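Structure first, commentary second.
The values are calculated or read from the model by the stated rules, or taken from the named source; none is laboratory data. Owing to the predicted nature of the structure, the values given are computational and were not obtained by experimental measurement. As a convention, Cβ positions derive from the backbone with ideal geometry for all residues, glycine included, and neighbour counts pool all protein chains shown.
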């Protein structure tokens, strides 16, 4: 069974998934600062109320922008109280096709929320993150034997929360990524979007097949 992370990686770059499967230890560490940024998603109310804490928080926007954005979410999201104080945190979900961690699980409505350390797009969510969210939602639905029709994506360093519906298009993207993950038994073609390579932990050895990636990276 695939992990949520692997299916999302298949949507992002199948070649990266291939290398991760070959040398999984290289991709296990969490980059510096990610855990601190994720923690912001559990401190929204405290940061709105405490100027000193907000000034010290690992956010990528001004405190004024953060307060404005989070304040709008607080006023406009029906699920706000559950996002601030989730019924379940870091819940392991195991579905029919994929398993992994949901950072938050809401009960009304039943939905997962995933916390992303990076920058959100102007609208919606990035495609690999959409795949990740669908994987989590379907796994939650499988476990609870209930329909799950939405999920939440949080970008706490930017004060952004996006609620998405599990549309036919998003489900199709997930199924395509799942098929890609299932089919990998050799190195896929390199991505044409080389911007994806800049932050990839496998970039130095990508394309070299005569030695293990671990040996190439020392």
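Sort through 113, 130, 141 and tell me the only one that's in a helix (DSSP H, G or I) and surrounded by 23 or more Cβ atoms within 10 Å (Cβ to Cβ).
None of the others qualify; the one that does is 130.
Going by the conditions given, is residue 136 on the phi < 0 side of the Ramachandran plot, surrounded by 22 or more Cβ atoms within 10 Å (Cβ to Cβ), modelled with pLDDT of 95 or more and not in a strand (DSSP E or B)?
yes
When both residues are 6+ apart or on different chains and their Cβ atoms are under 8 Å apart, which pairs have a first residue that lies in the range 195-206 and is free of Cβ contacts under 8 Å to residues at least 40 places away in the same chain, and a second that is not in a loop (DSSP other than H, G, I, E, B)?
That search, which allows pairs on different chains as well, returns 203/197; 204/216.
Condition (residue is farther than 24 Å from residue 47 by Cβ and surrounded by fewer than 22 Cβ atoms within 10 Å (Cβ to Cβ)) applied to the range 82-93: is it met by at least one residue?
Yes, because at least one residue in the range 82-93 is farther than 24 Å from residue 47 by Cβ and surrounded by fewer than 22 Cβ atoms within 10 Å (Cβ to Cβ).
Against the conditions (1) outside any loop (DSSP other than H, G, I, E, B); (2) touching a residue at least 24 places away in the same chain (Cβ under 8 Å); (3) under 30 Å from residue 140 (Cβ atoms), where does residue 35 fall short? Just the number, please.
Unmet for residue 35, out of (1) outside any loop (DSSP other than H, G, I, E, B); (2) touching a residue at least 24 places away in the same chain (Cβ under 8 Å); (3) under 30 Å from residue 140 (Cβ atoms): (2).
Using the structure shown, decide if residue 78 is without any contact (Cβ under 8 Å) to a residue 24 or more places away in the chain and not in a helix (DSSP H, G or I).
Spelling it out, residue 78 is indeed without any contact (Cβ under 8 Å) to a residue 24 or more places away in the chain and not in a helix (DSSP H, G or I).
Is at least one residue of the range 152-159 surrounded by fewer than 18 Cβ atoms within 10 Å (Cβ to Cβ) and out of contact with any helix residue (DSSP H, G or I) (no Cβ under 6 Å at 6 or more places or on another chain)?
No, there is no match, as no residue in the range 152-159 is surrounded by fewer than 18 Cβ atoms within 10 Å (Cβ to Cβ) and out of contact with any helix residue (DSSP H, G or I) (no Cβ under 6 Å at 6 or more places or on another chain).
Among the residues of the range 83-95, are any more than 15 Å from the chain's Cα centre (by Cα) and part of a helix (DSSP H, G or I)?
yes
Return only the number of the condition from (1) surrounded by fewer than 20 Cβ atoms within 10 Å (Cβ to Cβ); (2) assigned to a loop (DSSP other than H, G, I, E, B); (3) at pLDDT 95 or above that residue 29 does not satisfy.
(3)
Yes or no, residue by residue, for (1) over 12 Å from residue 17 (Cβ atoms); (2) touching a strand residue (DSSP E or B) at 6+ places or on another chain (Cβ under 6 Å); (3) at pLDDT below 70:
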position: 173; (1), (2), (3): yes, no, no
position: 178; (1), (2), (3): no, no, no
position: 182; (1), (2), (3): no, no, no
position: 185; (1), (2), (3): no, no, no
position: 188; (1), (2), (3): no, no, no
position: 191; (1), (2), (3): no, no, yes
position: 204; (1), (2), (3): yes, no, no
